[in-house]
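Trainee: Dumping the structure here so I can ask a few things about it.
The values are calculated or read from the model by the stated rules, or taken from the named source; none is laboratory data. Nothing here was measured: the structure is a model prediction, and the numbers come from that model. Don't worry about glycine lacking a Cβ; one is built from the backbone with ideal geometry, like all the others, and counts go over all protein chains shown.
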Amino acid sequence: MSRKSSGALVISLDTELVWGMYNTGPISPERYAGTRDVVHKLLDLFDKYQIPVTWALVTHLLSDCGSEPEDRSHLQYTKQDSRKMDLPCQQELSPDLWHEPEVLNWIKNTEVDHDIGSHTHTHLVFNEATREDARSDVERSVAVAERYGIDLKSFVFPRNRIDHRGVLKDAGFEVYRGVDSRWYEKYRLPAPIVKATRFADEATQWTPPTVVPRMESGLVEVPGSQVFRPVHGGWQYTPKGSQQSRAIAGLNRAARTGRIFHLWFHPFNFASNPEQLLTAFETVLAHAESLVQQGRLNVLTMRNVADLHKSGRWDGWETEV
Ligand SMILES: [Zn+2]
Ligand SMILES: [Zn+2]
């Protein structure tokens, strides 16, 4: 298969249980139980359609917080705006909400070879963190992964807030997900405007952008194309099926242009309505498989894109369509 005449699908998954949400409102434990089931079902789908993806883990999922003394270093971080509350591992919460070391075995015991990346150790929001805290968090993430024999290369910033890239490079990371390739994601606009514009995108079934990797601060940046949105929080009012039709349009655009369609989401979000979201998502994967079979699409992890780009073998077309 020639990569020259085909595009690529990249999927990255922000995998975190309560870590992404513990300080944003009430915690609903059943959603986190459902998240484990969603992860299993996603892994089954990825095997069925032979789709390797990047699992960006909050690596504290792998640590019980306390069995080794150095595990405690993350409790000393300077308080930041989104960190006014104690970390989940410091609160009186069931460990089921923040600890799941088995997730690694689930991901490893599959047919396809997934990329395991980091979504920080404690979901530290980098643009609110001091450099020292960012460094401490990332070094902990790398150390915990190493304990499990994993060499982290791919990184996803919590809330996509990009900062302290030098810290990542020093820690051996090679690639991160950039903000979605949309004008309104690149500028700091008031949140209601961004939300209204994202909503309009869904409502009008706008074809998502395709992207290409580029070097930024010594790392490969792969911007996002589309978030596979949950069906709550207002998104249920967008046309039924718009997510999968937009994703399919994005895949077709990637196949047509030789660029990357980068789809991402949090498995946690699927737990709100797993059947509908998994069915919609499977439609997208089945379409990707058909494009692969036609020789028009490759499926790559973020790590694969970094390897291709750094070795000069990335030959996606640069034309804007
Ligand atoms: Zn902890
Ligand atoms: Zn997150």
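Trainee: Which ones in region 1-22 are away from ligand 2 (no atom under 12 Å from the Cβ), part of a loop (DSSP other than H, G, I, E, B) and either basic (Lys, Arg) or surrounded by 14 or more Cβ atoms within 10 Å (Cβ to Cβ) (or both)?
Mentor: Residues satisfying the conditions are Arg3, Lys4, Ser6.
Trainee: I want to confirm something. Restricting to region 139-181 and keeping residues that are of a type in the set (A, V, I, L, M, F, W, C) and part of a loop (DSSP other than H, G, I, E, B), which single residue is surrounded by the most Cβ atoms within 10 Å (Cβ to Cβ)?
Mentor: Applying the filter and picking the extreme gives Val156.
Trainee: State which residue is modelled with the lowest pLDDT when the search covers only region 63-85 and only residues that are among the hydroxyl-bearing types (Ser, Thr, Tyr) and loosely packed, with under 13 Cβ neighbours inside 10 Å.
Mentor: The residue in question is Thr78.
Trainee: Determine the pairs where a residue that is more than 9 Å from ligand 1 (Cβ to nearest atom), located within region 89-103, has a partner that is β-branched (Val, Ile, Thr) and part of a helix (DSSP H, G or I) with Cβ atoms under 7 Å apart, the partner being 6 or more residues away or on another chain.
Mentor: What qualifies is Leu97/Val18; Val103/Val39.
Trainee: If you go through region 33-51 one residue at a time, do you hit one that is within 16 Å of ligand 2 (Cβ to nearest atom), modelled with pLDDT under 95 and surrounded by 13 or more Cβ atoms within 10 Å (Cβ to Cβ)?
Mentor: Yes, because at least one residue in region 33-51 is within 16 Å of ligand 2 (Cβ to nearest atom), modelled with pLDDT under 95 and surrounded by 13 or more Cβ atoms within 10 Å (Cβ to Cβ).
Trainee: From the residues in region 40-64 that are outside any loop (DSSP other than H, G, I, E, B) and charged (D, E, K, R), which one is farthest from the chain's Cα centre (by Cα)? Step through it out loud before you land on a result.
Mentor: Our first condition is that a residue be outside any loop (DSSP other than H, G, I, E, B); within region 40-64, this holds for 40-48, 54-57, 59-62.
Checking the rest, the ones that are also charged (D, E, K, R) come to 41, 44, 47-48.
Working: Lys41: 17, Asp44: 18, Asp47: 19, Lys48: 21 Å.
For region 40-64, the residue satisfying everything is Lys48.
Trainee: Oh, and also: Limited to region 86-138, what total is found for residues that are assigned to a helix (DSSP H, G or I) and surrounded by 17 or more Cβ atoms within 10 Å (Cβ to Cβ)?
Mentor: Result for region 86-138: 14.
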